[in-house]
Amino acid sequence: MSTETAQQGLREVPPDPINPGEITTPKSEMASVEAAKGGVQFNGDAREDAASIAKKMSGIIDPAIDRLKPILQMITEHVDKANNTKKEDLDEEKLVDQLKPLIEQATGILQETHGAIKALDPDGKVARSAQYKAADSEASSEEQRLAQGLAELTGNVTKTIQNAKDKIKDMPHAQKNLGPLLDLRGDPLFQIISAVGLLLNGVLTLLGNLLDALGLGGVVRNLLGGLGLTKLLDGLGLGKWLKQPDSK
């Protein structure tokens with residue numbers, strides 16, 4: 001599967017507007033440690049082992065994407081509405097009250113997802129022995145799917161963060177109260193990326209290619225720099241990608 005094919009798979013139709021009371025978290029969609037139950041077991045074939053790990057990770061990340069979509073949509077709708085409101089009519093306190101619980105809920109889902117991925121390798125044995133560096137043309141379908149899921153998760157979250165940060169920068173009260181929360185939401189996202197990279201190094205290369213193809217490479221690189229995670233990801237094989245100029 002090529003990067004172009006994977007890119008097409010990430011295009012989605014925006015969901016219908018959702019009311020806060022409609023947001024639920026079905027137990028069947030919970031990205032929990034149960035998804036990682038049993039950890040990772042090797043059968044001796046590196047390719048098959050990598051595919052098995054990737055499949056388990058997708059089983060954690062895909063439900064998280066579904067749970068986050070309505071929350072991220074509501075954040076964007078509130079921010080866009082406030083941005084289109086005349087300054088004299090804008091109630092920044094109301095905006096903060098609307099966004100704060102949504103941002104905290106999204107951050108909680110990301111933290112839970114990171115915890116479930118870490119639970120795949122609780123003692124770090126797999127990370128110490130894993131040396132998977134698959135190239136785009138050699139990656140298994142499971143690794144390709146995982147990279148697509150990571151790209152969708154990363155794209156959805158970073159676009160929402162960047163849109164909100166850009167539009168509240170001229171709203172002093174909202175900026176003061178929401179800016180730090182938006183910054184914090186990026187932490188668990190990139191901890192997820194790092195956790196995946198520790199077990200499946202090659203997937204990060206696929207992820208970088210997909211983000212650039214989607215025009216999100218520059219935004220993600222800037223956020224990574226702001227979170228101080230560039231050195232860590234450099235060690236996981238994303239050094240060259242991190243140093244690339246922003247994509248058009």
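Miscellaneous remarks
- Distance between the pseudo-spin-label points of residue 141 and residue 87 (7 Å out from Cα toward the beta carbon): 5.7 nm.
- Scoring 57-68, 84-95, 189-200, 171-182 by mean Cβ neighbours within 10 Å over their residues and listing the highest first yields 189-200, 57-68, 171-182, 84-95.
- Potential lengthening between residue 80 and residue 175 on full extension [0.36 nm per residue; Cα-Cα distance subtracted]: 32.7 nm
Bear in mind that the values in this text are calculations on the coordinates, not laboratory data. As the structure is a computational prediction, the values presented were derived from the model and not from experiment. Using ideal geometry, Cβ is built from the backbone for each residue, glycine included, and neighbour counts are taken over all protein chains shown.
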